[in-house]
Amino acid sequence: MALSSETRSQIETLLRQHTVVLFMKGNKQMPRCGFSAKVVEILDGHGVDFRDVDVLSDPQLREGIKEFSSWPTIPQLFFQGNLIGGSDIIRQLDESGELLPALGIDASRVAATPPSITISPEAAAAIKDASREAEPGQQLRMVLTRGGQSIDLYFDAPKATDLRVEQHGLTVLFDKASARLANGIAIGFVDGPGGGFRIDNPNLPAKVGSLSPTELRKMLDAKVPLRLLDVRTEQERATARISPDQSLEELARGELEKLPKDTMLVLYCHSGVRSHAAAEQLVAAGFRNVWNLSGGIDAWSRQVDPSVPRY
């Protein structure tokens, strides 16, 4: 497809009006390919202000930008009208420390500092235990992607560009983009069934989690500290209950406001619909560890405890 004068004018106008432009699939809030998502992640990690252009919304633009730049793939990053490169080149420039200068940013003024994180003694012990399976010289690496919504922990060899956090005799490695997203993260560990690492990222809006009846049963058996809250009517509670529970309405009249905001709250109703709505309200009130029992007490009766009456 030949580059039309109209499409060329459109591209030139975008490059003239914006210093940094990323032609990508999707937009910065919702990339629609992994390569575009990676470039957005890198730019966001450095706090770069850029204009995103979704080429999927315009087939002529999608093909036209390739001819305009003589570059065959998407995404494409431009600075002051000049092509910097695609996903692989952006990643390589970032790893070498050349990306910010290529975008006209004085890297010395954007000093990368290790994030402030907290590792509980239990989590540190579990990490040290797991490190016995790592290769010699490897250390724990934390990688945050999708604006911090996704967090990976694994053992890896240190890199010269890594930022490091030392706690409890452990070293945690961060690339610069991940470090910018990690401030305030707390790493905990819960032993027993349903346990494992718990990572609290206060930078993200809390969301209601979902627990299956089997998962809840394991947690109750393991005596995981949680508050099981029933949102149903008193008449329904008289018919069937999951022990040990408490009426949410009763708790709201008393100690709800006094509970720490990281208290694990598990809500249930008959089928899971009312409890999910109530859980959303608790999240809006500032609680960060809120869960909904999937399928409600009806699923509990069918999957875990048939002695609980169904209605």
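Read-outs: derived from the displayed coordinates by stated rules, not from any lab. Values in this document were obtained by computation on a predicted structure and should not be read as measured data. Backbone-built Cβ (ideal geometry, glycine too); neighbour counts: all protein chains shown.
Quick notes on this structure:
- Summary of the geometry: the range 215-279 and the range 2-42, compared by the centres of their Cα atoms, lie 48 Å apart.
- Each Lys and Arg adds +1 at its Cβ and each Asp and Glu adds -1 at its Cβ; summed about the Cα centre, the range 5-109 shows a dipole of about 140 debye.
- Using every pair of separate Cα atoms, the Kirkwood estimate puts the hydrodynamic radius of the chain at 23.0 angstrom.
- Using alpha-carbon coordinates, inclination of helix 121-130 to the longest axis of the chain, degrees: 70 degrees
- Computed helical MRE - 222 nm, the chain, DSSP H runs ≥ 4 contributing -39500 (n - 2.57), nearest 500: -9500 deg cm²/dmol
- Arranged from fewest to most other beta-carbon atoms within 10 Å of their beta carbon, L14, L61 become L14, L61.
- Where trypsin sites (Lys or Arg not before Pro) fall in DSSP loop in the range 1-98, at most 14 other Cβ within 10 Å: R32
- Nearest-ten-degree value, helix 59-69 long axis tilted from longest Cα axis of the chain: 50 degrees
- In degrees, nearest ten, helix 87-96 long axis to first principal axis of the chain (Cα): 90 degrees
- Which of S70, S150 has the fewest Cβ neighbours within 10 Å, and the rest in rising order: S70, S150
- Computed from the Kirkwood radius of its Cα pairs, the Stokes-Einstein diffusion coefficient for the range 169-311 at 10 °C and 1.306 mPa s stands at 97 µm²/s.
- Ranking of Y311, Y268 by neighbouring Cβ atoms within 10 Å, starting from the fewest: Y311, Y268.
- Only Lys, Arg, Asp and Glu carry charge here, each on its Cβ (+1 for the first two, -1 for the last two); on that basis the chain has a dipole of about 320 debye about its Cα centre.
- Anchor K66: aspartates and glutamates whose Cα lies under 19 Å away (excluding residues fewer than 8 positions away in-chain): E6, E12, D52, D54, D58, D88
- Dipole size of the range 119-211 about its Cα centre, with +1 on Lys/Arg Cβ and -1 on Asp/Glu Cβ: approximately 340 debye, rounded to the nearest 20.
- Histogrammed with a bin width of 10 Å, the alpha carbon distances of the range 45-132 distribute as 13, 33, 22, 17, 12, 4 percent, first bin at zero.
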